[in-house]
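*Asks:* One structure, pasted below without further comment.
The values are calculated or read from the model by the stated rules, or taken from the named source; none is laboratory data. Remember, predicted model here, so these are calculated numbers, not experimental data. For neighbour counting, all protein chains shown are included, and Cβ atoms are generated from backbone atoms with ideal geometry for every residue, glycine included.
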Amino acid sequence: MSAHPSETDPDAHPGNRIGVRPPRTRAWRDGALAAEGFPVADLGDLLAEPGTVVWVDLCAPDPEDLPPVAEELGLDPVAVEDAVSSQERTKLDRYAGYLFLNVYSPLLDGARLELHEVSAFVTERALVTVRQDPAFDVDALIRRWDGGPDLAGGGPGGPLPAVLLHGLLDLVVDRQMDAAQALDDEADELEDLIFADDRPVREIQHRSFLLRKNLMALRRVALPMREVLTALMHRDLRFVTEPMVPYFQDVHDHTLRVGEWTDGLRDLVANLLDTRIALQGNRLNEVMKKVTSWAAIIAVPTAITGFYGQNVPYPGAERMWGFYTSTALLVVFGVGLYALFRWRDWL
């Protein structure tokens, strides 16, 4: 049995094995869920029915797995190649009759930020998502489609691909905001480490490096989302209908917030590193002050004992009062210098 109703059963459809996981499929007809878990081979029959919108999800498919879907939807080979290849940039490309989208959903796993690539083909009656790995939470996407008060069961303008794409983009941007929040919390912990009394230098250096690396990765995939949302809402594209504009505008506002958040965190981390360097300099000055002060305290007794250790006659030589005098000088000058340096806060 499949793990989710939308996941095709590999035992019932042995010829439907595409990618590393069974495909996910759904179909809506006139605003209501009509079928799910059907094989990809039924895609053409469903699209032949008026008022039907389909969703197909493929996980890490091989290049030879996509041609049947591409032929059915009329997809360009260049777009298909971008969908099956990894490390494509965040973008939105316009083709004749459909859109191609490539985005990244981040996940902070411990100290390392993982980026899960998701591509999507959007036609007038179909949405095809292509994941590069199983880590992207498709169940969360389905729950967002089903649980949204305005998007479930029809929503504004019916379950058109624009409505489905909004759910996908909203989920991805929310994941980016979650990652930004986690990196913000990491920056707060790094700040506490920098101002801690023990100052674990090696840990600070390691965590600051990872934080800057994660911020750069998140910023690289989050900033282009502004252009993606702006292009989708462009009137010449005629993709987002008037009732859907507020929903896409809300996602666009979230992308702006993520961009501003990452920029602010980048400046904060740079300031924290500058502060760490300044604190290290101040700490070094404190150490040098103490070392110099103790060296001065030791230098005076050394000079006195060196004077009294001469092999030539001097006042008090071979006399007890000479020994008492030298001892008194050692104590007076040592205590006096120590008190002076303490009073100047050098010790």
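*Asks:* Return a yes/no flag: does region 202-219 have any residue that is more than 27 Å from Y95 (Cβ to Cβ), among the hydroxyl-bearing types (S, T, Y) and assigned by TED's automatic domain parsing to the domain that holds P161. Spell out how you get there, then give the answer.
*Replies:* Initially, region 202-219 is screened for residues more than 27 Å from Y95 (Cβ to Cβ), giving 202-219.
Adding the requirement that they be among the hydroxyl-bearing types (S, T, Y) leaves 208.
Right, trim to assigned by TED's automatic domain parsing to the domain that holds P161 and you get 208.
Yes, region 202-219 has at least one match.
*Asks:* Sort out which residues of region 213-244 are hydrophobic (A, V, I, L, M, F, W, C), over 25 Å from T262 (Cβ atoms) and surrounded by 13 or more Cβ atoms within 10 Å (Cβ to Cβ), and write them in order of number.
*Replies:* Hits for region 213-244 are F239, V240, M244.
*Asks:* Moving to a separate point now. Any residue at all in region 226-248 that is within 30 Å of L211 (Cβ to Cβ), without any contact (Cβ under 8 Å) to a residue 60 or more places away in the chain, of a type in the set (K, R) and part of a helix (DSSP H, G or I)? It would help to see each step written out before you state the result.
*Replies:* Initially, region 226-248 is screened for residues within 30 Å of L211 (Cβ to Cβ), giving 226-230.
After this cut, where a residue has to be without any contact (Cβ under 8 Å) to a residue 60 or more places away in the chain as well, the list is 226, 230.
Subset that is of a type in the set (K, R): 226.
Applying the additional criterion that residues be part of a helix (DSSP H, G or I) yields 226.
Within region 226-248, one or more residues are within 30 Å of L211 (Cβ to Cβ), without any contact (Cβ under 8 Å) to a residue 60 or more places away in the chain, of a type in the set (K, R) and part of a helix (DSSP H, G or I).
*Asks:* Please pick out the residue among D198, D185 that is at pLDDT below 85 and either out of contact with any Asp or Glu (no Cβ under 9 Å at 6 or more places or on another chain) or not assigned by TED's automatic domain parsing to the domain that holds R89 (or both).
*Replies:* On the way: D185 fails: at pLDDT below 85.
D198 is the lone residue from the list that is at pLDDT below 85 and either out of contact with any Asp or Glu (no Cβ under 9 Å at 6 or more places or on another chain) or not assigned by TED's automatic domain parsing to the domain that holds R89 (or both).
*Asks:* Then there's this: Scan (1) surrounded by 18 or more Cβ atoms within 10 Å (Cβ to Cβ); (2) in the same structural domain as V138 (by TED's automatic domain parsing) for the single condition A70 breaks and write down its number.
*Replies:* Status for A70: all satisfied but (1).
*Asks:* Filter region 110-145 down to residues that are within 19 Å of the chain's Cα centre (by Cα) and either assigned to a loop (DSSP other than H, G, I, E, B) or of a type in the set (D, E) (or both), then give me how many there are.
*Replies:* 10
*Asks:* I would also like to ask the following. Mind telling me which of the residues T241, T255, T230 ends up being within 37 Å of the chain's Cα centre (by Cα) and under 30 Å from L190 (Cβ atoms)? Please lay out each step first, then the result.
*Replies:* Working: T241 fails: under 30 Å from L190 (Cβ atoms); T230 fails: under 30 Å from L190 (Cβ atoms).
After applying the criteria, what remains is T255.
Matching residues to (1) closer than 16 Å to H4 by Cα; (2) crowded, with 20+ Cβ neighbours inside 10 Å:
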site: P23; (1), (2): yes, yes
site: L33; (1), (2): yes, no
site: E36; (1), (2): yes, no
site: L43; (1), (2): no, yes
site: E49; (1), (2): no, no
site: D57; (1), (2): yes, yes
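*Asks:* What about A41, is it assigned by TED's automatic domain parsing to the domain that holds P161, in contact (Cβ under 8 Å) with a residue 24 or more places away in the chain, within 38 Å of the chain's Cα centre (by Cα) and in a helix (DSSP H, G or I)? Before you say what the answer is, go through the steps one by one.
*Replies:* Details: assigned by TED's automatic domain parsing to the domain that holds P161: yes; in contact (Cβ under 8 Å) with a residue 24 or more places away in the chain: yes; within 38 Å of the chain's Cα centre (by Cα): yes; in a helix (DSSP H, G or I): yes.
Taking the combined requirement at face value, the residue satisfies it.
*Asks:* Sort out which residues of region 182-200 are surrounded by 13 or more Cβ atoms within 10 Å (Cβ to Cβ) and not charged (D, E, K, R), and write them in order of number.
*Replies:* The initial filter retains those residues of region 182-200 that are surrounded by 13 or more Cβ atoms within 10 Å (Cβ to Cβ), namely 182-184, 186-187, 190-191, 193-194, 199.
If the condition is that a residue be surrounded by 13 or more Cβ atoms within 10 Å (Cβ to Cβ) and not charged (D, E, K, R), then A182, L183, A187, L190, L193, I194 are the ones that fit.
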